[in-house]
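The values are calculated or read from the model by the stated rules, or taken from the named source; none is laboratory data. A quick note: this is a predicted structure, and the numbers were derived from the prediction, not measured. Cβ: placed from backbone, ideal geometry, glycine included. Neighbour counts: every protein chain shown. Heads up: the accessible areas ignore ligands, DNA and RNA and are worked out on the full protein's heavy atoms, side chains in. Shrake-Rupley method; radii C 1.70, N 1.55, O 1.52, S 1.80 Å.
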Amino acid sequence: MYQDSFVNQVPHPGKLLQEKLLEMEMSIKEFSLRADSTEQLVIDVINGVSPISGDMAVAIEFVTGMDASVLMEWQKQYDEWQARRSHYEKISDRGKEWLKKLPLDEMKANGWISSSDSLPEVLHFFGVASPSAWQNYYFSQKLKVAFRISLEKTVNPYALSAWLRRGEIQAQALYLDNDYSAAKLKETIPSLARLLAFPQDSILDDISSLLAGVGIKMLYTERLSGVPIKGATRWIYGCPCIQLLNSTESYSNFVFTVLHEVGHILLHGKKDIFIEDAGYSTSDPAYTIKEKKADAFAKKWLAIGLKS
């Protein structure tokens, strides 16, 4: 579906008509008379200049016995190939430069993509039609409802965008039985703090299960070497999501991060996006205040959990 869709040519269906006329030893002039068409239109169809319309496909069926639906489907595939080829030609040069900036080998090693040199596959991964669309989404803030911050001045924004996008894909694949409930989250926080107080082998699954019960998705994502990040919190397709690394180097930092991200969900709005330790900076004082509030929330419940 990816690279081959852009490079493997699909013949124009006029070739089928040409082969059939040669097989029947029927001239273009005779066919045009039988099909109630013009010779020039038939020539244009055979040469791939004009498409086979629905009327032409039916006429061909009557004259030659060829299936009109097959001709129409062939025309559809040809039109799609032409559109793909045209699109690929427009984005190819810039796409090659864009790919060089992404951590494709690591993305492949993590199983996020199957090829480290396929522009179409990487576009599918990000859910964008072109590198410029990627830049508009992650850098230019042209969609301030779904992604309200710019990654442009973060540490390695290309790798960070891949890590965040992986979280979106994980979130799409994860179904929860319960909708988010702030009231239930408040009731659950003491249990979460006690659970986090001491490390245990099943901690990641236990946290996921506990938060799933109140409608929060926990996403554990593979590390990318160019992304110095602890975690991220945002609403994805109407559901609050916490994205963390799938491995922890420091359990105390991990615990603080979990409580910090939960604090963001409980204290702040659906439109907010919080990215921890990725070099993100903003002149918006409201963002800084929200981070401090989440820190205070985490410190409070960390202390409570250790005492319980």
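Just to verify a number: FRET efficiency for residue 139 and residue 295, C-beta to C-beta distance, R0 = 22 Å, to 0.05? Before the final figure, lay out the partial values.
Working: r = 28 Å, r/R0 = 1.26.
About 0.20, to the nearest 0.05.
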Fill in: Overall Cα dimensions of the chain - principal axes, largest extent first, Å
94, 39, 34
Worksheet item: Which of the lysines could a cross-linker bridge to residue 15, judged by Cα under 21 Å and excluding same-chain residues fewer than eight apart?
Response: 29, 76
Worksheet item: Give or take rounding to whole Å, what are the principal axis extents of the alpha carbon atoms in region 205-308, in descending order?
Response: 38, 31, 29
Worksheet item: Any idea what the alpha-carbon Rg over 2.2 N^0.38 Å comes to for region 75-132?
Response: 1.22
Item to complete: Provide Rg and Dmax in Å for region 79-179, with only Cα atoms included in the calculation.
Response: 14.7, 46
Worksheet, complete the sentence: With label points set 7 Å from each Cα along the Cα-to-Cβ direction at residue 69 and residue 206, the distance between them in nm comes to 5.9 nm
Fill in: Shape call, region 1-127: gyration tensor on alpha carbons, a/c limit 1.5
prolate
Worksheet, complete the sentence: Heavy-atom accessible area of region 149-308 with neighbours in place, 1.4 angstrom probe: carbon+sulfur share in percent works out to 52 percent
Worksheet item: How big is the antiparallel share of DSSP beta bridges in the chain, given as a percent to the nearest 5?
Response: 65 percent
Discussion item. Under 8 Å for C-alpha pairs, at least 6 residues apart: give me the relative contact order for the chain, rounded to a whole percent.
Written reply: 14 percent
